Structure formats: structure tokens, C-alpha cells
Amino acid sequence: MNTQGTGTSPNHKAPAEAVSTWTTSTPNRAALSQSASTWAAEAGPPFPSPQDPGYDDGMRTPVGRHGPAVAAMVLGVISLMTSIVFVGGLLGGIGLILGIVGLRTAKRTGIGRGKAITGVVTSAIAIVVSILVAVFMVWYANQTQECYQPDSFQQYKQCVHQQLAGN
């Protein structure tokens, strides 16, 4: 192509050529928006986000301040599940103490109150259930003390039935 007399450089085409080349070589809008979104995703956000490593918004969240509350909640739930075998009473006592400590800490820091309350309530219920189980076991042992040396399980059942019926 001769560009000496036309006034165009070798990189520029005549207007009619440019329009026809542009319409045939330009991708559709979906391809343009996809390439723009790909570029934006690769470029990253213009400001740091909380997911970025090392991000610091200037506000520090208290970390590790609700440890007694979490421990109280965990011990409370475990003690409630094991309260029928007496272990729950001991764990409930520890959970109750940690729950009270967690409530005091939550009053100061403002975090962990719900977990501390959960720990106190479940621990208290576990202690009550353990006490009721212990009272029942003592009552049962007192009622059936004559039946402790049977020759067979059938004799034991019969003796217990007689003792509990009041005969």
C-alpha cells in the first residue's frame, strides 16, 4: 500500500477501511464485558479488603477474652450428657465456676455473655440431675439391700419387686 501521497501513516487506514475493519474485528459486548471483568479480577480491588492477608482496619477485636465462657459452655454440655453417671456433677461444678468467671469477664469486655450463660445454666442443670440420680440410687439401695446376694438374676428381680411393693 502506498502511503506517500495519501497523508496517512502506514498504521492508519482510510476511514472506510477503518470502519469495516473495526466492525469485523471487534468482539461482541459479552466478550468485552468478560474481558473487563477478568481484568478487574486480576487487578484486584482498589483498596484492601478484610480477606487480604495483613489487613488492619484500625479496630482490634478482643481475642481470647471469652475463654472461660467457652470452657463453661463445653463443660456444661458435657456434664449434662454425663450427669446420670455422677461424672456430670463434678464437671458441672467446674463448668459453673468457669461460667461465673466468664460472666464477670463478659461484663468487663462485652463478649462471651451468651456462652457464659449457657455454661452456667447447663452446668447447674447437670448438678441438679446428678444430685437427683444420687438420691435415687441411695433410696434404691436402701429399699433393696436384702436382695444383694441372690443365686440368680430371676431371684434378684423377684426380691426387688417384693421390696419395692412393700411386702
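Split the accessible area of the stretch 60-167 by element, probe 1.4 Å, and carbon with sulfur accounts for 66%.
Sorted by mean Cβ packing within 10 Å, highest first, what order do the peptides 110-123, 153-166 take?
Working: 110-123: 21.2, 153-166: 11.9.
Per-residue mean Cβ counts within 10 Å order the peptides as 110-123, 153-166.
Were the residues from residue 100 through residue 161 laid out at 0.36 nm apart, the gain over their Cα-Cα distance would be 17.5 nm.
The values are calculated or read from the model by the stated rules, or taken from the named source; none is laboratory data. As the structure is a prediction and not an experimental result, all values here were calculated from the model. Here the Cβ is made from the backbone with ideal geometry for all residues, glycine too, and neighbour counts use every protein chain on show. Note: areas computed on protein heavy atoms with side chains; ligands, DNA, RNA excluded. Shrake-Rupley method; radii C 1.70, N 1.55, O 1.52, S 1.80 Å.
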